[in-house]
Amino acid sequence: MTSLQLHAPLDMHLHVREGDMLQTVTPLSAQAFAGAVIMPNLVPPVTSRDRLESYRAAIHAASQGQAFTPYMTLFFQSYDAATLSDLRPDIIGIKLYPAGVTTNSETGVRAIADAAPTLAIMQDLGIPLLVHGETHGFVLDREREFLPIYDQLATRFPRLTIVMEHITTREAVAFLDRYPNVYATVTLQHLLYTLDDLAGALLQPHLFCKPLVKRPEDRETLLAAALSAHPKLMFGSDSAPHPQSAKECSGCAAGVFSAPIALPRLVELFEQHQALDKLQAFVSENAQRIYRIQPPARVVTLSKIPWVVPERYGTVVPMQAGETLAWQVVA
Ligand code: NCD
Ligand code: ZN
(Lines give C-alpha, C1' and ligand atoms only; values in the text may rest on other atoms or scores of the structure.)
(Ligands and ions follow the chains in the order given, each with its own letter.)
Protein backbone atom coordinates (compact mmCIF):
# COMPACT_ATOMS: atom_id res chain seq x y z
CA MET A 1 0.00 0.00 0.00
CA THR A 2 1.30 3.42 -0.93
CA SER A 3 1.54 5.87 1.90
CA LEU A 4 3.06 9.25 2.52
CA GLN A 5 4.09 11.21 5.59
CA LEU A 6 3.81 14.92 6.12
CA HIS A 7 5.51 16.73 8.98
CA ALA A 8 3.25 19.15 10.82
CA PRO A 9 0.93 20.13 7.98
CA LEU A 10 -0.62 23.54 8.59
CA ASP A 11 -3.80 25.24 7.45
CA MET A 12 -2.99 28.94 7.47
CA HIS A 13 -6.60 30.19 7.06
CA LEU A 14 -9.48 28.39 8.77
CA HIS A 15 -12.99 29.16 10.03
CA VAL A 16 -14.38 26.90 12.74
CA ARG A 17 -17.28 29.09 14.00
CA GLU A 18 -18.69 28.44 17.50
CA GLY A 19 -21.12 26.14 19.31
CA ASP A 20 -22.35 22.99 17.59
CA MET A 21 -20.65 23.93 14.33
CA LEU A 22 -17.29 24.24 16.08
CA GLN A 23 -17.82 20.82 17.66
CA THR A 24 -18.54 19.29 14.25
CA VAL A 25 -15.76 20.85 12.21
CA THR A 26 -12.80 21.28 14.57
CA PRO A 27 -11.99 17.56 14.90
CA LEU A 28 -11.82 17.26 11.11
CA SER A 29 -9.03 19.85 10.93
CA ALA A 30 -7.31 18.59 14.09
CA GLN A 31 -7.15 15.08 12.63
CA ALA A 32 -5.26 16.20 9.53
CA PHE A 33 -3.33 19.30 10.55
CA ALA A 34 -0.84 20.14 13.31
CA GLY A 35 -2.18 23.67 13.48
CA ALA A 36 -4.35 26.26 11.82
CA VAL A 37 -4.74 30.01 11.72
CA ILE A 38 -8.17 30.65 13.18
CA MET A 39 -10.19 33.45 11.64
CA PRO A 40 -11.84 35.97 14.00
CA ASN A 41 -15.04 36.79 12.06
CA LEU A 42 -17.41 35.52 14.71
CA VAL A 43 -20.56 37.38 15.74
CA PRO A 44 -19.45 39.53 17.53
CA PRO A 45 -15.86 39.36 16.25
CA VAL A 46 -12.80 38.42 18.31
CA THR A 47 -11.47 41.76 19.56
CA SER A 48 -10.59 41.18 23.22
CA ARG A 49 -8.44 38.96 25.39
CA ASP A 50 -11.51 37.35 26.98
CA ARG A 51 -13.02 36.41 23.66
CA LEU A 52 -9.64 35.21 22.34
CA GLU A 53 -8.97 32.97 25.33
CA SER A 54 -12.43 31.46 25.52
CA TYR A 55 -12.36 30.81 21.77
CA ARG A 56 -8.95 29.15 21.97
CA ALA A 57 -10.14 27.00 24.87
CA ALA A 58 -13.25 25.89 22.95
CA ILE A 59 -11.12 24.87 19.95
CA HIS A 60 -8.66 23.10 22.17
CA ALA A 61 -11.44 21.17 23.90
CA ALA A 62 -12.95 20.16 20.55
CA SER A 63 -9.60 18.93 19.17
CA GLN A 64 -10.06 15.54 20.85
CA GLY A 65 -6.54 15.29 22.22
CA GLN A 66 -4.82 15.79 18.86
CA ALA A 67 -1.62 17.85 18.82
CA PHE A 68 -3.34 20.74 17.07
CA THR A 69 -2.33 24.34 17.67
CA PRO A 70 -4.97 26.99 17.03
CA TYR A 71 -3.02 30.08 15.95
CA MET A 72 -5.37 32.82 17.05
CA THR A 73 -6.10 36.10 15.28
CA LEU A 74 -7.82 39.31 16.28
CA PHE A 75 -10.37 41.08 14.12
CA PHE A 76 -8.85 44.34 12.90
CA GLN A 77 -10.14 47.52 14.51
CA SER A 78 -8.28 50.43 16.09
CA TYR A 79 -6.16 49.07 18.94
CA ASP A 80 -3.77 51.03 21.17
CA ALA A 81 -0.16 50.04 21.81
CA ALA A 82 -0.78 48.83 25.36
CA THR A 83 -3.56 46.47 24.25
CA LEU A 84 -1.52 45.02 21.40
CA SER A 85 1.69 44.55 23.36
CA ASP A 86 -0.33 42.70 25.98
CA LEU A 87 -1.94 40.45 23.32
CA ARG A 88 1.16 40.01 21.16
CA PRO A 89 2.28 36.64 22.64
CA ASP A 90 -1.20 35.16 22.19
CA ILE A 91 -1.88 35.95 18.55
CA ILE A 92 -0.29 35.10 15.22
CA GLY A 93 -1.70 38.17 13.50
CA ILE A 94 -4.61 40.53 13.00
CA LYS A 95 -7.11 40.03 10.20
CA LEU A 96 -8.33 43.06 8.30
CA TYR A 97 -11.65 42.91 6.48
CA PRO A 98 -12.90 45.85 4.44
CA ALA A 99 -16.43 46.43 5.81
CA GLY A 100 -19.05 44.27 4.13
CA VAL A 101 -16.89 42.32 1.65
CA THR A 102 -17.63 38.87 3.01
CA THR A 103 -19.37 36.83 5.71
CA ASN A 104 -19.46 38.61 9.10
CA SER A 105 -17.31 41.55 8.01
CA GLU A 106 -19.88 44.30 8.63
CA THR A 107 -17.76 45.84 11.41
CA GLY A 108 -14.61 45.82 9.26
CA VAL A 109 -12.55 48.78 8.07
CA ARG A 110 -14.40 51.53 6.16
CA ALA A 111 -11.44 53.71 5.17
CA ILE A 112 -7.99 52.16 4.96
CA ALA A 113 -6.39 55.49 5.94
CA ASP A 114 -8.00 55.16 9.38
CA ALA A 115 -6.08 51.93 9.91
CA ALA A 116 -2.64 53.59 9.80
CA PRO A 117 -2.07 54.21 13.54
CA THR A 118 -2.84 50.58 14.41
CA LEU A 119 -0.74 49.30 11.51
CA ALA A 120 2.21 51.36 12.78
CA ILE A 121 1.87 49.72 16.20
CA MET A 122 1.64 46.27 14.60
CA GLN A 123 4.78 46.94 12.59
CA ASP A 124 6.66 47.98 15.74
CA LEU A 125 5.46 44.95 17.68
CA GLY A 126 6.08 42.51 14.81
CA ILE A 127 2.42 41.49 14.50
CA PRO A 128 1.57 40.26 10.98
CA LEU A 129 -1.37 41.77 9.08
CA LEU A 130 -3.68 39.31 7.33
CA VAL A 131 -5.91 40.90 4.71
CA HIS A 132 -9.10 40.00 2.90
CA GLY A 133 -8.05 42.01 -0.16
CA GLU A 134 -11.20 42.85 -2.08
CA THR A 135 -12.77 46.19 -2.99
CA HIS A 136 -16.49 46.82 -3.48
CA GLY A 137 -16.08 46.95 -7.28
CA PHE A 138 -17.30 44.51 -9.92
CA VAL A 139 -17.14 41.09 -8.30
CA LEU A 140 -14.58 39.54 -10.68
CA ASP A 141 -12.28 42.57 -10.41
CA ARG A 142 -12.32 43.11 -6.65
CA GLU A 143 -9.02 41.41 -5.88
CA ARG A 144 -7.17 43.08 -8.74
CA GLU A 145 -8.59 46.47 -7.71
CA PHE A 146 -7.30 45.96 -4.19
CA LEU A 147 -3.66 45.51 -5.30
CA PRO A 148 -2.92 49.28 -5.18
CA ILE A 149 -3.93 49.21 -1.52
CA TYR A 150 -1.39 46.43 -0.91
CA ASP A 151 1.12 48.69 -2.72
CA GLN A 152 0.41 51.50 -0.28
CA LEU A 153 0.53 49.26 2.77
CA ALA A 154 3.76 47.52 1.76
CA THR A 155 5.47 50.81 0.97
CA ARG A 156 4.26 52.74 3.98
CA PHE A 157 4.94 49.87 6.41
CA PRO A 158 8.01 48.10 5.00
CA ARG A 159 8.64 46.11 8.21
CA LEU A 160 5.03 44.93 8.52
CA THR A 161 4.47 41.32 7.44
CA ILE A 162 1.48 41.45 5.10
CA VAL A 163 -0.38 38.30 4.06
CA MET A 164 -2.75 38.49 1.11
CA GLU A 165 -5.36 35.92 2.11
CA HIS A 166 -6.86 33.45 -0.34
CA ILE A 167 -5.44 34.92 -3.55
CA THR A 168 -7.32 34.05 -6.73
CA THR A 169 -5.69 35.85 -9.66
CA ARG A 170 -2.49 35.69 -11.66
CA GLU A 171 -1.99 39.40 -10.89
CA ALA A 172 -1.84 38.56 -7.18
CA VAL A 173 0.74 35.83 -7.82
CA ALA A 174 2.89 38.32 -9.75
CA PHE A 175 2.45 40.85 -6.93
CA LEU A 176 4.24 38.50 -4.52
CA ASP A 177 7.54 39.34 -6.16
CA ARG A 178 7.10 43.08 -5.79
CA TYR A 179 7.67 43.56 -2.05
CA PRO A 180 9.81 41.58 0.37
CA ASN A 181 7.20 41.93 3.13
CA VAL A 182 4.21 40.58 1.16
CA TYR A 183 3.12 36.92 1.30
CA ALA A 184 -0.06 35.00 0.46
CA THR A 185 -2.27 32.04 1.19
CA VAL A 186 -4.18 30.07 -1.44
CA THR A 187 -7.13 27.70 -1.01
CA LEU A 188 -7.80 24.28 -2.49
CA GLN A 189 -10.88 25.42 -4.41
CA HIS A 190 -8.94 28.16 -6.19
CA LEU A 191 -6.34 25.58 -7.30
CA LEU A 192 -9.03 23.23 -8.64
CA TYR A 193 -11.91 25.29 -9.99
CA THR A 194 -12.90 28.22 -12.16
CA LEU A 195 -16.08 30.24 -12.47
CA ASP A 196 -17.28 27.65 -14.99
CA ASP A 197 -17.35 25.01 -12.25
CA LEU A 198 -19.37 27.33 -10.01
CA ALA A 199 -21.82 28.80 -12.50
CA GLY A 200 -21.08 27.52 -16.00
CA ALA A 201 -23.77 24.84 -15.84
CA LEU A 202 -26.17 24.27 -12.94
CA LEU A 203 -25.19 26.54 -10.04
CA GLN A 204 -22.97 24.82 -7.48
CA PRO A 205 -23.56 26.66 -4.20
CA HIS A 206 -20.94 24.60 -2.36
CA LEU A 207 -18.27 26.18 -4.57
CA PHE A 208 -19.46 29.72 -3.83
CA CYS A 209 -17.03 31.72 -1.72
CA LYS A 210 -15.41 35.13 -1.55
CA PRO A 211 -13.27 35.83 -3.44
CA LEU A 212 -14.98 34.01 -6.32
CA VAL A 213 -13.16 31.30 -8.25
CA LYS A 214 -11.90 33.00 -11.40
CA ARG A 215 -10.62 32.41 -14.96
CA PRO A 216 -8.73 29.34 -16.24
CA GLU A 217 -5.49 31.33 -16.57
CA ASP A 218 -5.81 32.50 -12.96
CA ARG A 219 -6.25 28.95 -11.74
CA GLU A 220 -3.30 27.77 -13.84
CA THR A 221 -1.01 30.46 -12.45
CA LEU A 222 -2.06 29.75 -8.86
CA LEU A 223 -1.57 26.03 -9.41
CA ALA A 224 1.90 26.53 -10.89
CA ALA A 225 2.87 28.67 -7.88
CA ALA A 226 1.56 26.06 -5.42
CA LEU A 227 3.11 23.08 -7.23
CA SER A 228 6.50 24.80 -7.23
CA ALA A 229 6.03 25.71 -3.53
CA HIS A 230 6.58 29.39 -4.27
CA PRO A 231 8.49 30.48 -1.14
CA LYS A 232 6.01 33.27 -0.33
CA LEU A 233 2.90 31.14 -0.74
CA MET A 234 1.24 29.05 1.99
CA PHE A 235 -1.71 26.69 2.04
CA GLY A 236 -4.78 28.19 3.73
CA SER A 237 -7.98 26.25 3.12
CA ASP A 238 -10.40 29.07 3.99
CA SER A 239 -12.68 26.20 4.95
CA ALA A 240 -15.79 28.18 5.89
CA PRO A 241 -18.71 26.01 7.00
CA HIS A 242 -22.30 27.18 6.68
CA PRO A 243 -25.34 24.97 7.38
CA GLN A 244 -26.81 23.30 4.30
CA SER A 245 -29.92 25.47 4.76
CA ALA A 246 -27.83 28.63 4.35
CA LYS A 247 -26.11 27.31 1.20
CA GLU A 248 -28.97 25.63 -0.67
CA CYS A 249 -31.40 28.55 -0.73
CA SER A 250 -32.04 31.92 -2.24
CA GLY A 251 -29.30 34.17 -0.87
CA CYS A 252 -26.59 31.49 -0.56
CA ALA A 253 -23.92 32.30 2.05
CA ALA A 254 -20.31 32.63 0.84
CA GLY A 255 -17.94 29.94 2.06
CA VAL A 256 -16.69 26.51 0.94
CA PHE A 257 -16.36 23.76 3.55
CA SER A 258 -13.21 21.87 2.62
CA ALA A 259 -11.72 20.87 6.00
CA PRO A 260 -12.45 17.11 5.74
CA ILE A 261 -10.91 16.77 2.28
CA ALA A 262 -8.26 19.47 2.20
CA LEU A 263 -5.14 17.45 2.93
CA PRO A 264 -6.02 14.25 1.00
CA ARG A 265 -7.13 16.28 -2.00
CA LEU A 266 -3.90 18.31 -1.95
CA VAL A 267 -1.89 15.09 -1.95
CA GLU A 268 -3.90 13.84 -4.94
CA LEU A 269 -3.38 17.13 -6.77
CA PHE A 270 0.37 17.24 -6.16
CA GLU A 271 0.67 13.57 -7.11
CA GLN A 272 -1.22 14.14 -10.38
CA HIS A 273 1.33 16.80 -11.26
CA GLN A 274 4.40 14.85 -10.09
CA ALA A 275 5.04 17.51 -7.45
CA LEU A 276 4.76 15.53 -4.21
CA ASP A 277 8.31 16.60 -3.35
CA LYS A 278 7.03 20.20 -3.07
CA LEU A 279 4.03 19.48 -0.85
CA GLN A 280 5.88 19.62 2.48
CA ALA A 281 7.07 23.16 1.74
CA PHE A 282 3.68 24.31 0.48
CA VAL A 283 1.75 22.87 3.40
CA SER A 284 4.12 23.60 6.27
CA GLU A 285 7.71 24.79 5.76
CA ASN A 286 6.85 28.03 4.00
CA ALA A 287 4.42 28.96 6.75
CA GLN A 288 6.90 28.07 9.51
CA ARG A 289 9.51 30.30 7.94
CA ILE A 290 7.19 33.22 7.10
CA TYR A 291 5.47 33.32 10.50
CA ARG A 292 8.46 32.04 12.50
CA ILE A 293 6.35 29.37 14.18
CA GLN A 294 7.25 25.92 15.42
CA PRO A 295 4.19 23.68 15.24
CA PRO A 296 3.89 20.45 17.23
CA ALA A 297 6.34 17.85 15.87
CA ARG A 298 3.59 15.69 14.51
CA VAL A 299 3.70 13.33 11.56
CA VAL A 300 0.49 12.87 9.58
CA THR A 301 0.29 9.74 7.47
CA LEU A 302 -1.87 9.43 4.38
CA SER A 303 -2.55 6.18 2.56
CA LYS A 304 -3.66 5.66 -0.98
CA ILE A 305 -7.00 4.07 -0.12
CA PRO A 306 -10.01 5.45 -2.01
CA TRP A 307 -12.97 6.79 -0.03
CA VAL A 308 -16.21 8.51 -0.83
CA VAL A 309 -16.62 11.97 0.69
CA PRO A 310 -19.72 11.96 2.93
CA GLU A 311 -22.75 13.96 1.80
CA ARG A 312 -22.81 15.82 5.09
CA TYR A 313 -20.90 16.41 8.31
CA GLY A 314 -23.54 17.44 10.85
CA THR A 315 -25.49 20.13 9.02
CA VAL A 316 -22.72 21.00 6.55
CA VAL A 317 -22.12 19.76 3.00
CA PRO A 318 -18.42 19.43 2.22
CA MET A 319 -16.70 20.31 -1.02
CA GLN A 320 -16.66 17.23 -3.32
CA ALA A 321 -19.48 15.53 -1.38
CA GLY A 322 -20.20 12.11 -2.89
CA GLU A 323 -16.99 12.10 -4.95
CA THR A 324 -14.22 9.56 -4.56
CA LEU A 325 -10.82 10.74 -3.34
CA ALA A 326 -7.65 8.70 -3.80
CA TRP A 327 -5.92 9.38 -0.47
CA GLN A 328 -7.00 9.42 3.15
CA VAL A 329 -5.51 10.43 6.46
CA VAL A 330 -4.85 7.39 8.65
CA ALA A 331 -4.97 7.61 12.43
C1 NCD B 1 -15.73 33.23 4.81
C2 NCD B 1 -16.72 32.90 5.92
O3 NCD B 1 -17.76 32.29 5.62
O4 NCD B 1 -16.47 33.22 7.07
N5 NCD B 1 -16.40 33.14 3.55
C6 NCD B 1 -15.83 32.99 2.33
O7 NCD B 1 -16.56 33.05 1.34
N8 NCD B 1 -14.54 32.80 2.19
C9 NCD B 1 -15.14 34.57 5.06
C10 NCD B 1 -13.94 34.88 4.20
O11 NCD B 1 -12.86 34.34 4.44
O12 NCD B 1 -14.08 35.65 3.25
ZN1 ZN C 1 -11.79 33.10 5.25
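The values are calculated or read from the model by the stated rules, or taken from the named source; none is laboratory data. Values in this document were obtained by computation on a predicted structure and should not be read as measured data. Positions of Cβ are generated from backbone atoms using ideal geometry, with glycine treated the same way; all protein chains shown enter the neighbour counts.
Computed quantities for the displayed model
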quantity: Count of the stretch 2-27 residues which are on the phi < 0 side of the Ramachandran plot and more than 16 Å from ligand 2 (Cβ to nearest atom); calculated: 11
quantity: Selection count where residues are out of contact with any helix residue (DSSP H, G or I) (no Cβ under 9 Å at 6 or more places or on another chain) and under 25 Å from Thr161 (Cβ atoms), scope the stretch 171-201; calculated: 1
quantity: Residue match in the stretch 108-131 (condition: modelled with pLDDT of 95 or more, surrounded by 19 or more Cβ atoms within 10 Å (Cβ to Cβ) and closer than 14 Å to Lys210 by Cα); calculated: yes
quantity: Within the stretch 67-95, tally of residues that are within 16 Å of ligand 2 (Cβ to nearest atom), closer than 17 Å to Pro296 by Cα and of a type in the set (Phe, Trp, Tyr); calculated: 1
quantity: Of all residues making up the stretch 93-131, the number that are in contact (Cβ under 8 Å) with a residue 60 or more places away in the chain and touching a helix residue (DSSP H, G or I) at 6+ places or on another chain (Cβ under 9 Å); calculated: 3
quantity: Inter-residue pairs, beta-carbon under 8 Å, first farther than 10 Å from Val25 by Cβ and among the acidic types (Asp, Glu) and in the stretch 307-318, second assigned to a loop (DSSP other than H, G, I, E, B) and at pLDDT 95 or above, 6+ apart; calculated: Glu311/Val317; Glu311/Ala321; Glu311/Gly322
quantity: Residue within the stretch 86-100 that is part of a strand (DSSP E or B), of a type in the set (Val, Ile, Thr) and modelled with pLDDT of 95 or more present; calculated: yes
quantity: Restricting the stretch 124-147 to residues that are more than 22 Å from the chain's Cα centre (by Cα) and of a type outside the set (A, V, I, L, M), the residue that is farthest from ligand 2 (Cβ to nearest atom); calculated: Asp124
quantity: Sole residue being at pLDDT below 95 and under 28 Å from Pro296 (Cβ atoms), chosen from Gln64, Gln23; calculated: Gln64
quantity: In the stretch 274-331, residue surrounded by the most Cβ atoms within 10 Å (Cβ to Cβ) [restricted to those that are touching an Asp or Glu at 6+ places or on another chain (Cβ under 8 Å) and not β-branched (Val, Ile, Thr)]; calculated: Trp327
quantity: Single residue of Leu4, Leu10 found to be under 18 Å from Glu285 (Cβ atoms), more than 20 Å from the chain's Cα centre (by Cα) and more than 15 Å from ligand 1 (Cβ to nearest atom); calculated: Leu4
quantity: Lone qualifier among Gln31, Gln66, Gln77 - being surrounded by fewer than 23 Cβ atoms within 10 Å (Cβ to Cβ), more than 14 Å from ligand 1 (Cβ to nearest atom) and either part of a strand (DSSP E or B) or within 18 Å of the chain's Cα centre (by Cα) (or both); calculated: Gln31
